[in-house]
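J.: So that we are looking at the same thing, I have put the structure below in structure tokens.
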Amino acid sequence: STSKKLPADADAKNVKTAGEGTWQFYYELFKRNSIDNLGMVVKQFIHYDTKYDNAFWDGRQMIYGDGDGKIFDSFTTDIDIIGHELTHGVTQFEANLNYEMQSGALNESFSDIFGIMIKQRLLNQDVHQSNWLIGENVLRGKKYALRSLKAPGTAYVNHPQLGTDPQPATMDKYMNLPNTDDGDYGGVHYNSGITNYAFYVAAFNMGGYAWEKAGRIWYAALTDTQNLMPDAQFADLKKLTIQKATDMFGAGSLELKAVQDGWKAAKV
């Protein structure tokens with residue numbers, strides 16, 4: 001929609017701005033026509049349930065809770081959260097990564113990586129200006145965010161209810177959790193820190209705007225359905241992003257070295 005009149009409801013404003021920003025990100029950079037690449041209408045539902053502490057893509061549309069007002073504010077308050085959830089839709093229509101263990105952590109990681117870039121692009125932030133935090137407004141308190149791509153494990157420290165961010169940044173600290181709801185399906189929200197960190201290092205070493213080079217490499221990998229299988233492991237994405245960087249920028253390129261250094265930093 002191109003109407004200049006924004007809705008009065010703050011949450012409606014938030015989802016309109018970030019929803020359009022997400023749509024434009026994928027269209028202007030990758031010629032992707034909406035979430036499914038077939039022009040699907042992006043439906044977003046706000047004020048879901050009562051004091052609901054989450055936002056999610058349900059396979060067809062976006063659902064946002066208002067938060068409990070104690071630990072969480074409205075889940076519409078961060079562009080990166082909205083970009084994250086909508087990217088789950090993109091992943092669903094592309095690699096369709098199984099939501100468990102390493103493939104599930106990759107699913108979460110792609111959402112964080114594109115979520116942060118969607119925010120960076122809307123705010124015109126380069127790799128140095130971005131704080132690389134996901135959910136810094138959703139999780140109440142100035143010192144707290146949900147996740148950090150730059151330094152997984154530091155998004156919140158000594159939080160009165162949540163304790164300290166348990167995300168690992170490197171493969172040697174990979175969390176082997178049970179593949180159950182309580183075990184976060186093998187730690188999909190935790191172990192995503194490892195591949196998030198690989199991307200952060202790669203993008204940071206390339207410099208400039210993350211979406212111009214690193215983002216192109218990761219998008220090419222996500223949409224290569226011949227080579228990124230639903231049960232892909234971290235090592236598979238490493239191999240594929242190295243291949244994409246070589247194809248796009250050449251064997252001796254700074255970009256390829258940055259990708260290799262990212263995976264090395266994450267110890268994958």
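The values are calculated or read from the model by the stated rules, or taken from the named source; none is laboratory data. Fair warning: this is a prediction, and the values are worked out from it, not measured in the lab. Quick reminder, even Gly has a Cβ in these numbers, built from the backbone with ideal geometry, and neighbours come from all protein chains shown. Just the protein is used for accessible areas: all its heavy atoms, side chains included, with ligands, DNA and RNA removed. Shrake-Rupley method; radii C 1.70, N 1.55, O 1.52, S 1.80 Å.
J.: Solvent-accessible area per residue for segment 1-100 at a 1.4 Å probe radius, Å²?
T.: In whole numbers, segment 1-100 has 50 Å² accessible per residue.
J.: Placing +1 at every Lys and Arg Cβ and -1 at every Asp and Glu Cβ, with all other atoms neutral, what dipole size does the chain have around its Cα centre, in debye to the nearest 20?
T.: 800 debye
J.: Gap in Å between the Cα centre of segment 192-249 and the Cα centre of segment 99-144?
T.: Spelled out, the Cα-based centre of one part sits 15 Å from the other.
J.: Order of 206-214, 40-48 by packing, highest average Cβ count within 10 Å first?
T.: Highest to lowest by the protection proxy: 206-214, 40-48.
J.: Give me the extension gain from H47 to N33: residue separation times 0.36 nm, minus the current Cα-Cα distance, reported in nm with one decimal.
T.: 2.3 nm
J.: For a quick protection proxy, order the peptides 171-182, 189-200 by their average other-Cβ count within 10 Å, most packed first.
T.: 189-200, 171-182
J.: Residue by residue through segment 187-203, which ³J(HN,Hα) values in whole Hz follow from phi under the Karplus form 6.51 cos²θ - 1.76 cosθ + 1.60 (θ = phi - 60°), with glycine and proline marked x?
T.: Result, rounded to whole Hz: x, 5, 7, 8, 5, 4, x, 5, 6, 4, 5, 4, 5, 4, 4, 4, 5.
J.: Might you work out the accessible area of Y52 for me, using a 1.4 Å probe with all protein chains in place, and round it to the nearest 10 Å²?
T.: 70 Å²
J.: Right, next: Kirkwood hydrodynamic radius, segment 55-139, all distinct C-alpha pairs: what's the number in Å?
T.: Computed over segment 55-139, the radius equals 13.4 Å.
J.: Along Cα→Cβ, 7 Å out, is where each label goes; now give me the distance between the ones at T17 and T170 in nm to one decimal.
T.: 3.9 nm
J.: Can I ask one more? If you take Rg and Dmax of the Cα atoms in Å from the coordinates, which of (i) 17.5, 54; (ii) 21.2, 64; (iii) 19.8, 65 do you get?
T.: It is the one labelled (i).
J.: Just to confirm, what accessible area per residue do you get for segment 136-202 at 1.4 Å probe, in whole Å²?
T.: Dividing the accessible area of segment 136-202 by its residue count gives 47 Å².
J.: Classify segment 225-264 as rounded, prolate or oblate, taking a ≥ b ≥ c as the square roots of the eigenvalues of its Cα gyration tensor: rounded when a/c is under 1.5, otherwise prolate if a/b is larger than b/c and oblate if not.
T.: Oblate.
J.: With the contact rule set at Cα under 8 Å and sequence spacing of 6 or more, what percent relative contact order holds for the chain?
T.: Worked out over the chain, it gives 16 percent.
J.: For the chain, give the percent of accessible area contributed by carbon and sulfur heavy atoms, probe 1.4 Å, rounded to a whole number.
T.: The computed percentage sits at 50.
J.: With a ≥ b ≥ c taken as the square roots of the eigenvalues of the C-alpha gyration tensor of segment 1-119, please select rounded if a/c is under 1.5 and otherwise prolate if a/b is larger than b/c or oblate if it is not?
T.: It is oblate, given that a/c is not under 1.5 and a/b is not larger than b/c.
J.: Shape call for segment 166-268 from the C-alpha gyration tensor, a ≥ b ≥ c root eigenvalues: rounded (a/c under 1.5), prolate (a/b greater than b/c) or oblate?
T.: Since a/c reaches 1.5 and a/b is larger than b/c, the shape of segment 166-268 is classed as prolate.
J.: So what are the ³J(HN,Hα) numbers for segment 251-256, from phi and the Karplus equation (6.51, -1.76, 1.60; θ = phi - 60°), rounded to whole Hz, Gly and Pro as x?
T.: Karplus-based 3J(HN,Hα) across segment 251-256 equals 5, x, 6, 4, 5, 4 Hz.
J.: Using modelled amide H (1.01 Å from N, peptide plane; none on Pro or chain starts), what sits under 5 Å from the amide H of M62, excluding residues fewer than 5 places away?
T.: K43, Q44, F45
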